[in-house]
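Please read the structure below before turning to the comments.
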Amino acid sequence: MGAPAKGKCSFVACIILAFTALASADTLYLKNGMFIIVTRATEKEGQIEYWVGSTKYTISKTLVTRIGPDSGPSKNLNSARHAGPAIQDLSQRDSAPTTPNTGHDKLRMPVPGGPKQNEPYWTALRSRILQGDRVNEMKLAEIELDQDARTTSNAYFLAGVTEMQAGDSGKAGAYFENGLRATPEQPNLLEWHAIALSAQGRYDDAVHELEHAINLTPDSAHLQQLLGLAQYNADHTGEAVSAWKRALELAPDPGTGAWLRKAERELEVEERSRRKQSAHFILHYQGDITSPNLQEELLATLDDGYRDLASQLGYEPSEKIIVILYTQKEFVDITEAPSWAGAINDGKLRIPIGGVTAMNLQLERILKHEVTHSFLRSLAGGRCPTWLNEGIAELMEPRTSTSYASRLSALFQERKAIPFSALEGSYTRFSDRQAQVAYAESLSGVEYLRDRYGMGEVLRMLRNIGSGAEPEIALRQSTGMDYSVFAQRVGEYLAKVGEN
């Protein structure tokens, strides 16, 4: 998502006001004087786990004074009540399978449960193919040599599930493929393979596997729901609408209904739109709001930004990036974005273009920022924490923290900055003022990491996060710092930047 426009309030005032404009619900009161409105919160092993809507985050207990209602008595850390969602959060990092995701990710396929741990058959097979918690390739090969198709298929299925749970969809997909060679007509194995393919961004291939599974079990509402997800992510919105309508005919489901309504709104715009393609992008545009010259300038700017990012990050996404141009009203209606958002990247770049007749510096920066999110989503498997995601995107625009370094440094050193653990989730839940603070901290944190450890180490962190490591653990693996020490070092770094 693009950074917010610069507000009239001073930067220090923005910090002081951060987190104070959210609706009433359970509240985490932080020791630096700020607070976070949450759906519910509990204490676990020295951490506070809290939910905003259906999304779970964690923050160190040492940063929290108490949990209580916005205006009322405090409550014990172990007994925070469950309240309705207080604010919209679009990250959906731990969303339930039927919860629509409208954040920085594509609509994610729910991962089903694997074989039951306590069933004797699967327990015995697990002991045959695993060495510790990793798959033993030699054992798999030995099972395949026995030429027992059922056992071979189940062994590869179990190996694939193990790798999916470890965060390696590439290895998982290869195991599922081997299982399907042994027994091709297994809907469950086809479903898992489709989910692994989707996690790699191979949505058209996932569609193919799900269509095969549906041919075997045509009355499965669940498979129709997954097919709609894969089709939507593959930019086949009309086909997704048909699949979700069929799913609802088979079994009513509020999550599927929400996805359907979202897709139908988008389809109305798409049916009035045209397409142009380049080597890396598919551009949806409406002829009455974008001239031929602007269309060409947009694609050329996108391709230039793509090449630069591929060079700097040493990586390229596996599929073309979809860019959709909207009027301002369409953008707000479809994305439900906050007023400060200059664009949204929810797996598709959604850009309000009304009134723009030629490429300008601001639009160029927005495009580079949003394309960066697509690179990072692919690189980190959709798991990149927002502070790192937005910080790198700002860095690539490019932006710098120089103008506010001294003021922000003082707030970090006085421990009045927003904790990085509170910046892992989506910034769309923030007001304009709060978002300014969040973006400033994000850029400063990434600038420090780049200058102190090099961009290679930042990318290594991203890959570790994509492999399943929690962001703070990945930070510690790369730098030896937890979030608390990291914030202190960022403050010291900004003080030196402010002196220059």
Failed condition for residue 226, given (1) out of contact with any Ser or Thr (no Cβ under 7 Å at 6 or more places or on another chain); (2) touching a residue at least 24 places away in the same chain (Cβ under 8 Å); (3) open to solvent by 10 Å² or more (accessible area, probe 1.4 Å): (3)
Pairs where the first residue, in the stretch 120-138, is among the small types (Gly, Ala, Ser) and the second is part of a loop (DSSP other than H, G, I, E, B) and loosely packed, with under 11 Cβ neighbours inside 10 Å, C-beta under 6 Å, 6+ apart: none
Neighbours by Cβ (under 6 Å, 6+ apart or cross-chain): first from the stretch 414-427, more than 22 Å from residue 338 (Cβ to Cβ) and open to solvent by 10 Å² or more (accessible area, probe 1.4 Å); second of a type outside the set (A, V, I, L, M, F, W, C) and assigned to a loop (DSSP other than H, G, I, E, B): 415/32; 416/32
Number of positions in the stretch 332-372 that are farther than 20 Å from residue 308 by Cα and part of a strand (DSSP E or B): 4
Residue list for the stretch 276-319, filter: surrounded by 12 or more Cβ atoms within 10 Å (Cβ to Cβ), part of a strand (DSSP E or B) and either touching a Leu at 6+ places or on another chain (Cβ under 8 Å) or polar (S, T, N, Q) (or both): 276, 281, 283, 284, 285
Residue list for the stretch 428-438, restricted to those being surrounded by 19 or more Cβ atoms within 10 Å (Cβ to Cβ) and in contact with a Gly (Cβ under 8 Å, 6 or more places away or on another chain): 428, 433, 436
Inter-residue pairs, beta-carbon under 7 Å, first closer than 15 Å to residue 229 by Cβ and in the stretch 250-269, second aromatic (Phe, Trp, Tyr), 6+ apart: 256/244; 259/244; 260/244; 263/232; 263/244
Selection count where residues are farther than 23 Å from residue 199 by Cα, open to solvent by 10 Å² or more (accessible area, probe 1.4 Å) and in a helix (DSSP H, G or I), scope the stretch 448-469: 8
Positions within the stretch 385-405 being touching a Pro at 6+ places or on another chain (Cβ under 8 Å) and part of a loop (DSSP other than H, G, I, E, B), in sequence order: 385
Test for residue 377: is it open to solvent by 10 Å² or more (accessible area, probe 1.4 Å), on the phi < 0 side of the Ramachandran plot and touching a strand residue (DSSP E or B) at 6+ places or on another chain (Cβ under 9 Å): yes
Failed item, numbered, when residue 216 is tested on (1) under 20 Å from residue 253 (Cβ atoms); (2) open to solvent by 10 Å² or more (accessible area, probe 1.4 Å); (3) modelled with pLDDT of 95 or more; (4) not β-branched (Val, Ile, Thr): (1)
Residue 253, sole failed condition from (1) charged (D, E, K, R); (2) more than 23 Å from the chain's Cα centre (by Cα); (3) surrounded by fewer than 18 Cβ atoms within 10 Å (Cβ to Cβ): (3)
Selection status of residue 206, in a helix (DSSP H, G or I), among the small types (Gly, Ala, Ser), closer than 12 Å to residue 114 by Cβ and open to solvent by less than 40 Å² (accessible area, probe 1.4 Å): no
Flag for residue 407 being closer than 26 Å to residue 47 by Cα and charged (D, E, K, R): no
Unmet criterion (only one of (1) under 22 Å from residue 344 (Cα atoms); (2) outside any loop (DSSP other than H, G, I, E, B); (3) aliphatic (A, V, I, L, M); (4) touching a helix residue (DSSP H, G or I) at 6+ places or on another chain (Cβ under 7 Å)) for residue 408: (1)
Among (1) touching a residue at least 60 places away in the same chain (Cβ under 8 Å); (2) of a type in the set (Ser, Thr, Tyr); (3) open to solvent by 20 Å² or more (accessible area, probe 1.4 Å); (4) closer than 27 Å to residue 230 by Cα - the single one residue 327 does not satisfy: (1)
Within the stretch 333-373, tally of residues that are among the hydroxyl-bearing types (Ser, Thr, Tyr), open to solvent by 10 Å² or more (accessible area, probe 1.4 Å) and under 17 Å from residue 298 (Cα atoms): 1
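The values are calculated or read from the model by the stated rules, or taken from the named source; none is laboratory data. This is a predicted model, so every value here is computed, not measured. Virtual Cβ from ideal backbone geometry, glycine too; neighbours counted across all protein chains shown. SASA here: full protein model, heavy atoms, side chains in, ligands and nucleic acids out. Shrake-Rupley method; radii C 1.70, N 1.55, O 1.52, S 1.80 Å.
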